[in-house]
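Below you'll find the structure, written out as structure tokens, and then a few comments.
The values are calculated or read from the model by the stated rules, or taken from the named source; none is laboratory data. Values in this document were obtained by computation on a predicted structure and should not be read as measured data. For neighbour counting, all protein chains shown are included, and Cβ atoms are generated from backbone atoms with ideal geometry for every residue, glycine included. Just so you know, the surface numbers come from the protein's heavy atoms only, side chains and all, with ligands and any DNA or RNA stripped out. Shrake-Rupley method; radii C 1.70, N 1.55, O 1.52, S 1.80 Å.
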Amino acid sequence: MAFFDAIFPERISREAEGGPRFLTSKAYASGGQRITNRDATYPKHEYSIAHPPRAQADFEALRAFFYVVGGDADAFRFKDWSDFRGRVDNTTATPVAGVANTWQLCRTYTFGSRQFIRPIYKLAAGCQVIRVRDGVETVLTAAPDVSTGRVVIAGHAAGDVYRWSGEFHVPVAFKDPAAVWRVLGGHKLITEWSGIELEEVRL
């Protein structure tokens, strides 16, 4: 699978429904207790879009996008309008094992005593990395790689914590290799494509 480094039409992605799906398995004991296992550390995000009638230009952009990625062949960027912005208060960075001075930018989700750390691999341009040292925040000059979500940091000292700010995307692909659309009646001949299914991919 190749990656087409372009974003799915944002005017259409605003209509998406969906979110994370965890891979779990469960069974029930003879006493009725439910036993669950997390089969993967991170969820995959899935989205569904019912493309309503709009300007024909919107459909033309969607159709062209489907052709250039080869249906379900290639992945691409998708903006999840419910969760696309990292801030100092909801981000962190974790060291990349086996790679010197390199950190993976992550989005954090905190509730009560629990925290979930989600690696972010596709950043939008303009993200900034912030170092917190002895309670003082400093914006670093190091620019993260927008294709991997990683950043090389020089001068790390014990106790340093890293945050970041900026927008990010989800790498996804079409679930179905086929597209099904129809032309609605009327003098404008608007084309409708309903039931678009997208799924997150691991690159």
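Restricting to the range 111-127, count the residues that are open to solvent by less than 90 Å² (accessible area, probe 1.4 Å), of a type outside the set (Lys, Arg) and in a strand (DSSP E or B). Step through it out loud before you land on a result.
Taking the range 111-127 and keeping what is open to solvent by less than 90 Å² (accessible area, probe 1.4 Å), we get 112, 116-120, 122-124, 126-127.
Next, from what is left, pick out any that are of a type outside the set (Lys, Arg): 112, 116-117, 119-120, 123-124, 126-127.
Those still in the list that are in a strand (DSSP E or B) too: 116-117, 119, 123.
The number of residues fulfilling the criteria is 4.
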- Might you let me know whether the range 77-89 holds any residue that is in contact (Cβ under 8 Å) with a residue 24 or more places away in the chain, surrounded by fewer than 11 Cβ atoms within 10 Å (Cβ to Cβ), closer than 25 Å to PRO119 by Cα and among the hydroxyl-bearing types (Ser, Thr, Tyr)? yes
- Considering only residues of the range 1-42 that are touching a residue at least 60 places away in the same chain (Cβ under 8 Å) and in a loop (DSSP other than H, G, I, E, B), which is least open to solvent (accessible area, probe 1.4 Å)? PHE8
- Item | Odd one out for GLU60, checked against (1) at positive phi; (2) open to solvent by 40 Å² or more (accessible area, probe 1.4 Å) | (1)
- Message: Checking GLN104 against (1) at negative phi; (2) loosely packed, with under 11 Cβ neighbours inside 10 Å: exactly one of these is not met. Which one?
- Response: (2)
- Residue check for PHE8: within 30 Å of GLY195 (Cα to Cα), at pLDDT 95 or above and either among the hydroxyl-bearing types (Ser, Thr, Tyr) or in contact with a Ser or Thr (Cβ under 7 Å, 6 or more places away or on another chain) (or both): no
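Across the range 177-203, which residue is farthest from VAL88 (Cα to Cα) among those that are of a type in the set (D, E, K, R) and in contact with a strand residue (DSSP E or B) (Cβ under 6 Å, 6 or more places away or on another chain)? Before you say what the answer is, go through the steps one by one.
Step one: filter the range 177-203 for residues of a type in the set (D, E, K, R), giving 182, 188, 192, 197, 199-200, 202.
Now restrict to residues that are in contact with a strand residue (DSSP E or B) (Cβ under 6 Å, 6 or more places away or on another chain): 182, 192, 197, 199-200.
Working: ARG182: 45, GLU192: 40, GLU197: 32, GLU199: 28, GLU200: 25 Å.
The qualifying residue farthest from VAL88 (Cα to Cα) is ARG182.
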- Message: Test of understanding: among GLN128, GLN104, which residue is closer than 28 Å to ILE12 by Cα, of a type in the set (S, T, N, Q) and modelled with pLDDT of 95 or more?
- Response: GLN128
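Residues are listed down the side, and each one gets a yes or a no for (1) under 20 Å from VAL170 (Cβ atoms); (2) in contact with a Lys or Arg (Cβ under 8 Å, 6 or more places away or on another chain):
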{"residue": "THR41", "(1), (2)": "yes, no"}
{"residue": "ALA57", "(1), (2)": "no, no"}
{"residue": "PRO95", "(1), (2)": "no, no"}
{"residue": "GLY98", "(1), (2)": "no, no"}
{"residue": "THR108", "(1), (2)": "yes, yes"}
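Taking the range 182-196 only, how many residues are open to solvent by 60 Å² or more (accessible area, probe 1.4 Å), under 19 Å from ALA64 (Cβ atoms) and either assigned to a loop (DSSP other than H, G, I, E, B) or of a type in the set (Asp, Glu) (or both)? Walk me through it before giving the result.
Restricting attention to the range 182-196, the residues satisfying the condition of being open to solvent by 60 Å² or more (accessible area, probe 1.4 Å) are 182-183, 185, 187-189, 194.
With the extra rule that they be under 19 Å from ALA64 (Cβ atoms), the set shrinks to 182-183, 189, 194.
Adding the requirement that they be either assigned to a loop (DSSP other than H, G, I, E, B) or of a type in the set (Asp, Glu) (or both) leaves 189.
Matching residues across the range 182-196 total 1.
Out of all the residues in the range 131-181, which are among the aliphatic types (A, V, I, L, M), part of a loop (DSSP other than H, G, I, E, B) and touching a residue at least 40 places away in the same chain (Cβ under 8 Å)?
Restricting attention to the range 131-181, the residues satisfying the condition of being among the aliphatic types (A, V, I, L, M) are 132, 136, 139-140, 142-143, 146, 151-154, 157-158, 161, 170, 172-173, 178-180.
Now narrow it down to the ones that are part of a loop (DSSP other than H, G, I, E, B): 140, 142-143, 146, 153-154, 157-158, 178-180.
If the condition is that a residue be among the aliphatic types (A, V, I, L, M), part of a loop (DSSP other than H, G, I, E, B) and touching a residue at least 40 places away in the same chain (Cβ under 8 Å), then ILE153, ALA154, ALA178, ALA179 are the ones that fit.
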- Message: Just the residues that are more than 30 Å from VAL132 (Cβ to Cβ) and open to solvent by less than 20 Å² (accessible area, probe 1.4 Å), please, taken from the range 45-57.
- Response: TYR47, ILE49, HIS51
